[in-house]
Every structure is written in structure tokens, then in C-alpha cells.
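**Student:** What follows is a single structure, and I will ask about it in a moment.
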Amino acid sequence: MNRRPFDPRLLRRVPAARRDLAVLAVLGGLTALLVVAQATALATLLATALDGRLHRPALAGFVLAVAARALVSWAQGTVAARAAATVKATLRADLLRAVGRHGPTWVAGQRAGQLATLTGRGLDALDPYFTGYLPQLVLSVTVPLAVLARIVLADWSSALIIALTIPLIPVFGALLGWQAQAATERQWRRLSLLGGHFLDMVAGLPTLRAFGRARAQVDVVRRMADGHRQATMKTLRIAFLSALVLELVATLSVALVAVPVGIRLLSGGITLSTALLVLLLTPEAYLPLRAAGSRFHASMEGLTALDEALTLSATPAAAAPAGTPQPAPDGHGEIRFEGVTVEYERTTALRDVTLTIRPGERVAVIGPSGAGKSTLLNLLLGFVTPTAGRVTVDGVDLAGVDLDAWRRQLAWVPQRAHLFAGSLADNIRLGASDAPDPALARAVRDAALDEVVAALPDGLATVLGERGHGLSSGQRQRVALARAFLRDAPLVLLDEPTARLDTASEAIVLAATRRLVAGRTALLVAHRPALLEDADRILRVEDGRVTELTPAPAGKGS
Ligand code: ADP
Ligand code: MG
């Protein structure tokens, strides 16, 4: 985790925030000058008041300094809030762009959760960092410097004591911060463990109930929650303790300055106005450092979110095609996998796969789950790139082509079609947004969706809920097929289109699938024998290796 109080990547990646941060620095310098001016005026005012006189210029200066400080402090708040808003907006846009650049296989598992959290509320944790911590951080540099400079002029021995003791605050702060950080990280780990276990348990509650294990699980959760509670208490103890220690260091340092000044004042070694100035200014030197220290804990979460966002949005795309992309090959071309290996972080999904798919061939792909079947399709979709080897269409390497143009040549029916909130017609037009109504009607008929449309209250204009809420899984698959029909692409990729369906809907979807693949090049991941019936070839994928099964009855394809 990144624990630097300021991440320099911010300036490079969010140029729009540079000006605000510069203004923040200038305002910090201004505050420091005003602190000194205010104390100087007050010291003069008090010293003359003890003589029974009213020093009018000093009074005016004091009032002016106080008013100006209020104004500057307001400006600081405004500029900091604007910087926070700019940074959050930029990072959210960057993250979404990164999602678009990397494609769906990148947004999986843990990263999906991370992205959802960050683009949602996660980055809001930057608010306390920008509006609370960062302005204090600036002040903790400018104010001690200005105060020291002023005291050196008035009384160098006091200045020496301050110069020697001030570094103690950041040093102690850092020492305690390390402790707190270790404890916080332990706490986070426990929390995510607890969250994961709890999620598992809730999902499996019926099973646990049925096997009489629910009670035992309650005890496990209670034990884990207890561990988390103890970790939290420890973090809090460290946080409180560090506030106390810093307070103590600052108070003792002020006393180290004040006591000699008092003694010298009694013996006449220092004038009253100088003594007052030193006594008024000294605490001001320690104040911003302590304030920054106490706000550091509150902005830790923001810093972590910032680090994650900067790192995630900067991850380079798996294999960014070099130079300008080539024009996409025709979807009617011959597809070749040449020694293709695909490695994910922990697994090798495909090993040295070589195969040729001729135009118009209908190829069925079978094999156990996790064998690498979907990866085979994802390669053609351009969602994953080969770790070794290449995929070519008519001799053109897919790694170098304009993927958007290439994807226009294909239609994809996934295992579980994703429907978006919107009308049914819009959902079917997903891949062919300007298809005319007659074409839409034909696609609906081809996908055996017409009786579904007839039963809907507003027909094709019916608005579906999120994720196609309101349609059964069989109906949703038929919407996906209708999309593919409407797209009318030369190459179709189907990934277990009937896997989740009951027998009745399976028969309907199967018939529609047959109509779809007729006359096109098709790669069909099949888990049911019924899907194999009119395949020209059958490939078996097992543990990342592809073997050709006995060719289907001769006469077709090869
Ligand atoms: P199939 O479709 O045959 O069930 P996949 O092609 O989806 O198999 O997956 C092959 C292997 O690659 C599996 O072990 C799977 O866990 C792994 N895998 C698939 N997608 C990813 C991914 N995005 N990140 C990491 N591992 C993955
Ligand atoms: Mg799969």
C-alpha cells in the first residue's frame, strides 16, 4: 500500500487539478504570513496595554490579520473541495476507460469488486484527504518555517529550541503511524475474510440448514467477528495513543521554550513585547503538524483508494497492438489458430493449440468445464490475446487488426445473455441499431420469440427491467439469438446457449440455433449431444489441449 502523504502521480495523471493544488500551496504560504502578522500585532497590543496605552495601529493590524485568515481559510476549503471533485471525476472516467480498453476478461473476480467499489463510493474517501489533510500538510511546512524565521529575528535562542524539537512531531508521528498501519491492514484482512465467509454462508444457508450445520457456522462467524473486534480495538488504541503522545511532545516543547523566556523576563534579559511574541508564536509552530498528524488516519482510506485507482487505470492493456490497426479481415475467411497458448494469472487455459476452421464449417466444441472452451471463443472475440502463437483470419493476425471492425463480422450468443434495462426492441437491436422494422420482425420470428412478444403487454416496446427482469432464462436466450439473427454476421460464436434451460425451452432454443448456424461459419460450445447433431466437426478440449474427434458423417464441410 502507498503511504506517502502525497502521491506525485496525481499531478501527472490529473493535470486539471494542478492549478488548484498550486493555489492551495500559495494560500498556505499566505496563512503562514498572516499567523506571524497576527501574533506580532497581538504581542505589541498586549505589551502596550500593560503600560496603560492603546496601540491603535497594532489593534487595526490584529483585526485585519484575523479577518484575512478567515477569508484565506474559506478560500482553502473551496479550492480543496474543487480539487477533490476534479480528481474524483477524472479518476472515475479513467477507470471506466480502462474497463473499455481491457475488455470483459480483465474485469473479473476480485478486480470487478474493486472497480465497482472505486467508481462508486470508494473514491469519495478522497474528500477528507483533500479538504482536511492536504491543506494541513501545506500549513505544516509553511507555518513552522515562517514562525521560525520571525522568532530568529526576535530571539534566536528560543528559535533554536523550536528548530530542535519540531522534528520530533513528524518522527513520533511516523513511528506510531507504522504501528497503526500494520494494525489497520490486519483489520482489513480480517474484515474481508469475515465478509467472504459470511457471503458463502448466506448463499449456502439452505444447504447448511438441511444438513444441520447452521448452528456450527454461527459459532464460526461469532469467533471471526470477535477477532475483528479485537483488531479494531487495537487500531483505535494506537490511534488514541498517538494523539496523546503528539500532544505531550508539543506541550513539553512549548514549555521548553516558555520556561527560559519567563526566567529571562524576570531578570530583565528580554523585553516584554519580545517575550509575548515568542510565547504567542511558539504553539502556532507545532499546531499544524499535530493537526496534520491527527487527520492522517482519517485520510488513510482515501490514500488507499487513490493508490488503487491510479494503479488500476494505468494498467497497460494486455497486448496493445503496435502502430495503427490493420483493416479487419472478412468474417467469411479461413480461421487458423497457430500454436496458441493462453495463460491467465494462475492457470494455463490453452496449450499450444493449432487448428483450422474453414469458411462455412460448423464446429462443435465439447469438453469438461474449465477446459478452455470459452477461452477459444474469447480469442476470436478479441477479449483475450494469445500469450504465445497467433490467431489469423485469411492470414491476417487478429492481434494487429481494428477489433471493432472485426467484431462487426461476428455474432455472439453467450451462455447467459445479458439484457439491459430498456425496451425489448432496443435489446434485440443491440448489435444492429439501425435495422429496419421488417428485419427486426424476421429476427424475432427466426429466434422463436414471436409468441413471447405477443404475450408481452406492449409487445416489442415492452420495457425490460435490469438484466432482463421479467423474462425467463429460455426467453432471454431467445432474445440473444434474435440479436444474432438481426446482426446477420458471417461468423457466429455460441457458448453453451442452452446450458441453463429446461427441456421444453431447450428444444425451442435448439431449433432456433440450428437455423442460425445454417450457412454461416459457426463455433458452437456444446454440452448436450443434441447440439452436436448437425456439426461438421467436433473438437474436444481437455485441460487446454484440443483434439479432433472423429469427423461427423462425411459429405459436409471438409
Ligand atoms: P470452459 O469454458 O471450458 O469452462 P474457460 O475457457 O472459461 O473454460 O476457462 C479455462 C481456464 O481458465 C479455467 O481454469 C478458468 O478458471 C481460467 N480462466 C478463465 N477466464 C479467466 C480469467 N479472466 N482470469 C483468470 N483465469 C481465467
Ligand atoms: Mg465456458
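The values are calculated or read from the model by the stated rules, or taken from the named source; none is laboratory data. What you see is a predicted model; the values in this text were computed from it and never measured. Cβ atoms come from the backbone with ideal geometry, glycine included; neighbour counts cover every protein chain shown. Just the protein is used for accessible areas: all its heavy atoms, side chains included, with ligands, DNA and RNA removed. Shrake-Rupley method; radii C 1.70, N 1.55, O 1.52, S 1.80 Å.
**Student:** Given Cα pairs under 8 Å that are at least 6 residues apart, what percent is the relative contact order of region 335-550? Intermediate results must be reported in sequence, preceding the final value.
**Tutor:** Working: 413 pairs, mean separation 66.7, N = 216.
Taking the mean separation of contacting Cα pairs over the length of region 335-550, I get 31 percent.
**Student:** If we sort 155-164, 371-380, 206-215 on the protection proxy, mean other Cβ atoms within 10 Å, highest first, what's the order?
**Tutor:** Numbers: 155-164: 17.5, 371-380: 23.3, 206-215: 11.5.
Packing order, densest peptide first, comes out as 371-380, 155-164, 206-215.
**Student:** Compute the distance from the alpha-carbon center of region 394-455 to that of region 491-540, in whole Å.
**Tutor:** If we compute the Cα centre of each part, the gap is 17 Å.
**Student:** Quick one: dipole size for region 79-139, taken about the Cα centre, charges +1 on Lys/Arg Cβ and -1 on Asp/Glu Cβ, in debye to the nearest 20. Could the numbers behind the result be given before it?
**Tutor:** On the way: 7 positive and 3 negative charges, 38 e Å.
My answer is approximately 180 debye.
**Student:** Tell me, what is the per residue accessible area of region 361-429 in Å², probe radius 1.4 Å? Don't skip to the end; give the middle numbers.
**Tutor:** Values: 2590 Å² over 69 residues.
Result: 38 Å² per residue.
**Student:** Taking Cα centroids, how far is region 199-240 from region 40-85 in Å?
**Tutor:** 54 Å
**Student:** If you don't mind, another one. Once amide H atoms are placed 1.01 Å from N in the peptide plane, what residues at a sequence separation of 5 or more from Gln326, or on another chain, have their amide H within under 5 Å of its amide H?
**Tutor:** Long-range HN contacts for Gln326: Val401, Asp402.
**Student:** Where in the chain are the DSSP H helices whose alpha-carbon span along the long axis reaches 20 Å or more and whose Kyte-Doolittle mean is at least 1.6?
**Tutor:** Values: long enough: 18-50 (48 Å, 1.56); 56-102 (68 Å, 0.64); 134-154 (30 Å, 1.95); 168-203 (52 Å, 0.43); 214-266 (77 Å, 0.87); 272-314 (59 Å, 0.73); 473-487 (21 Å, -0.41); 503-517 (21 Å, 0.87).
Within the chain the helices that satisfy the rule are 134-154.
**Student:** Charges only on Cβ, +1 for Lys and Arg, -1 for Asp and Glu: so what's the dipole of region 335-550 about the Cα centre, in debye to the nearest 20? Please list the in-between numbers first.
**Tutor:** Numbers: 26 positive and 28 negative charges, 34 e Å.
Around 160 debye, computed over region 335-550.
**Student:** If you don't mind, another one. Tell me, in nm to one decimal, what length is gained between Glu542 and Val463 on full extension, where the rule is 0.36 nm per residue of separation less the Cα-Cα distance?
**Tutor:** Working: separation 79, 0.36 × 79 = 28.44 nm, distance 4.18 nm.
Separation in residues times 0.36 nm, less the Cα-Cα distance, equals 24.3 nm.
**Student:** Rounded, prolate or oblate, given the Cα gyration tensor of the chain, with a/c below 1.5 counting as rounded?
**Tutor:** prolate
**Student:** Using +1 at the Cβ of each Lys and Arg and -1 at the Cβ of each Asp and Glu in the chain, identify which of Thr547, Gly400, Ala37 lies farthest towards the dipole's positive end.
**Tutor:** The residue sitting most towards the positive pole is Ala37.
**Student:** Moving on to the next point. Relative contact order of the chain: what whole-number percent is it, with Cα pairs under 8 angstrom and at least 6 residues apart? Could you put the intermediate results ahead of the total?
**Tutor:** Details: 791 pairs, mean separation 83.8, N = 558.
Averaging sequence separation for qualifying contacts and normalising by length gives 15 percent for the chain.
**Student:** On to the next question. Using 1/(1 + (r/R0)^6) with R0 = 51 angstrom and r between the beta carbons of Val66 and Leu191, what's the FRET efficiency to the nearest 0.05? Walk me through the numbers on the way to the answer.
**Tutor:** Details: r = 45 Å, r/R0 = 0.88.
E between Val66 and Leu191, to the nearest 0.05, is 0.70.
**Student:** Next question. When the accessible area of the chain is split by element with a 1.4 Å probe, what percent falls to carbon and sulfur? Can you show the working numbers first?
**Tutor:** Working: 17430 of 28430 Å².
The C+S portion of the solvent-accessible surface of the chain is 61 percent.
**Student:** While we're here: I want the antiparallel fraction of DSSP beta bridges within the chain, as a percent rounded to 5. Don't skip to the end; give the middle numbers.
**Tutor:** Numbers: 19 of 37 bridges.
Of those bridges, close to 50 percent are antiparallel.
**Student:** Positive end of the charge dipole of the chain (Lys, Arg +1 and Asp, Glu -1 on Cβ, about the Cα centre): tell me which of Leu160, Gly431, Val509 has its Cα farthest that way.
**Tutor:** Checking the options against the dipole of the chain, the answer is Leu160.
**Student:** Follow-up question, since we're still on this one. Given the rule -39500 (n - 2.57) for each run of at least 4 DSSP H residues, summed and divided by the residues of the chain, what is its mean residue ellipticity at 222 nm, to the nearest 500 deg cm²/dmol? Provide the component values of the computation, followed by the final result.
**Tutor:** On the way: 17 runs with 330 residues, N = 558.
Counting only the DSSP helices, I get -20500 deg cm²/dmol.
**Student:** Under unit Cβ charges (Lys, Arg +1; Asp, Glu -1), what dipole magnitude, rounded to 20 debye, does the chain have relative to its Cα centre? Present the calculation step by step, with values, prior to reporting the outcome.
**Tutor:** Values: 59 positive and 46 negative charges, 271 e Å.
So the magnitude is around 1300 debye.
**Student:** Oh, and also: Between region 323-353 and region 139-186, what is the separation of their alpha carbon centroids in Å?
**Tutor:** One Cα centre to the other: 58 Å.
**Student:** Now for a different question. If you filter region 36-88 for trypsin sites (Lys or Arg not before Pro), then keep DSSP loop positions with at most 15 other Cβ within 10 Å, what is left? Can you show the working numbers first?
**Tutor:** Numbers: sites: Arg53, Arg69, Arg82, Lys88; in loops: Arg53.
Those satisfying the criteria are Arg53.
**Student:** What number comes out for accessible area per residue over region 69-143 if the probe is 1.4 Å? Units Å², please.
**Tutor:** On the way: 3390 Å² over 75 residues.
Accessible surface, normalised per residue, equals 45 Å².
**Student:** Checking the a/c ratio against 1.5 first, then a/b against b/c, what shape does the Cα gyration tensor give for region 335-550? Mind dumping the intermediate values first?
**Tutor:** On the way: a/c = 1.92, a/b = 1.66, b/c = 1.16.
In terms of gyration-tensor shape, prolate.
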